[in-house]
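Following: one structure in structure tokens, then a few remarks.
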Amino acid sequence: MLISKVVRFGATTAVIALVLAVAPIAGATDSSQSGQTSGGGANVLTIYLQMQQLKQRIRNMQGEIETLQHRLAQTRKLEKKNYQSLAQKVTGQSSTNGGSASNNSSGGGGSQQSSTTKQAKSSSSGGHTHQTSAGEKHQNQSENAIHQQYMAAFNTLKNGNYDKAASAFETFVTKHPHNGLTDNAYYWRGEALYVQQHYENAKKSFEKLVNNFPKSPKLPDALYKIGLIQIHDGHQDNAKSTLDRVIKNYGESRAANLARKKRKQLGS
């Protein structure tokens, strides 16, 4: 009997000791799990912030690319004008020299007439050149002012002031409906509205680009964003058609790669 009680007491003591030994471990495990959960939340937040930073960098890079493309187009246009002006001068000089040689062989009277004619042509040509130069200068100043207005709107977007950026781009497209940067302005206005979840107005801005600028480099991106808005609005069939259009017509673009991924999610 005594032995039985001792055994029972020993067993009970062992259980208590075991419980006391396990308790700290369990507490540590719970604490570890809690820490892991907390750490997981922190990791998710870090990833989210990194994604936002990457998106901002992409916007910045796209803006810089657009600026370089615009400047390149303006430079080519100016070079073409300079070449045409030079060609006209060379052609005119060649023609004048030929006429002078012919008049010289005709005698003194012809020479005097040629000299008078050349002076008149020179005066007329000089005035025309001055007018053309002044016109080109005014045009370049106007282009620079337009470009500065566009960049001011884009920098506002880069700084995260989306509502003000949308208004600035709206002003730009209203003032300059046919400028080389108008299609980009429509796109970035749509982006500024999209970020604020103003989906209907964003869609209208993207559609303006698609309908009015069929050769715009921004068209695939605009179509893709229209597809996303259609998905948000619950118009799955329309979204599928829009994404298929991006994939079919602009298969090598970044927008097409995004459209393929989104299209798979929607299924057939």
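Within segment 261-268, identify whether any single residue is modelled with pLDDT of 95 or more and of a type in the set (A, V, I, L, M), and answer yes or no.
no
Just checking, how many residues over segment 190-216 are among the basic types (K, R) and touching a residue at least 24 places away in the same chain (Cβ under 8 Å)?
Start the filter on segment 190-216 by keeping residues that are among the basic types (K, R), which leaves 203-204, 208, 215.
If we keep only those that are touching a residue at least 24 places away in the same chain (Cβ under 8 Å) as well, we get 203, 208.
Of the residues in segment 190-216, 2 are among the basic types (K, R) and touching a residue at least 24 places away in the same chain (Cβ under 8 Å).
In this structure, is L243 within 28 Å of H176 (Cα to Cα) and touching a helix residue (DSSP H, G or I) at 6+ places or on another chain (Cβ under 6 Å)? If you could, list the steps in order and put the result at the bottom.
Working: within 28 Å of H176 (Cα to Cα): no; touching a helix residue (DSSP H, G or I) at 6+ places or on another chain (Cβ under 6 Å): yes.
For L243, the condition - within 28 Å of H176 (Cα to Cα) and touching a helix residue (DSSP H, G or I) at 6+ places or on another chain (Cβ under 6 Å) - is not met.
Give me the pairs, please: first residue somewhere in segment 228-251 and closer than 19 Å to Q197 by Cα, second residue anywhere and exposed (fewer than 13 other Cβ atoms within 10 Å of the Cβ) and of a type in the set (S, T, N, Q), beta-carbon distance under 8 Å, and either six or more positions apart or on two chains.
Listed pairs, sorted by first residue: Q230/Q236.
Find the residue count for segment 146-182, including only residues that are of a type in the set (G, A, S) and over 16 Å from E66 (Cα atoms).
We begin by selecting, within segment 146-182, every residue of a type in the set (G, A, S); these are 152-153, 160, 165-168, 180.
With over 16 Å from E66 (Cα atoms) added as a condition, the list becomes 160, 165-168.
Total meeting the criteria: 5.
Among the helices (runs of 4 or more DSSP H) contained in segment 150-268, which hold 1 or more residues that are over 17 Å from the mean Cα position of the chain (by Cα)? Write out each step before concluding.
Working: elements: 162-175, 182-195, 199-212, 219-232, 236-249, 254-266.
Fully inside segment 150-268 and qualifying: 162-175, 199-212, 219-232, 236-249, 254-266.
Just one of K203, K225 is more than 19 Å from N257 (Cβ to Cβ) and in contact with a Lys or Arg (Cβ under 9 Å, 6 or more places away or on another chain); which is it? Lay out the reasoning, then the answer.
Working: K225 fails: more than 19 Å from N257 (Cβ to Cβ).
It is K203.
Inside segment 204-230, can you point out the residues that are surrounded by 18 or more Cβ atoms within 10 Å (Cβ to Cβ) and of a type in the set (D, E)?
Result: D221, single match.
The values are calculated or read from the model by the stated rules, or taken from the named source; none is laboratory data. Note that the coordinates shown come from a computational prediction; the quantities given were computed from them, not determined experimentally. All Cβ positions, glycine included, derive from the backbone under ideal geometry; neighbour counts span all protein chains shown.
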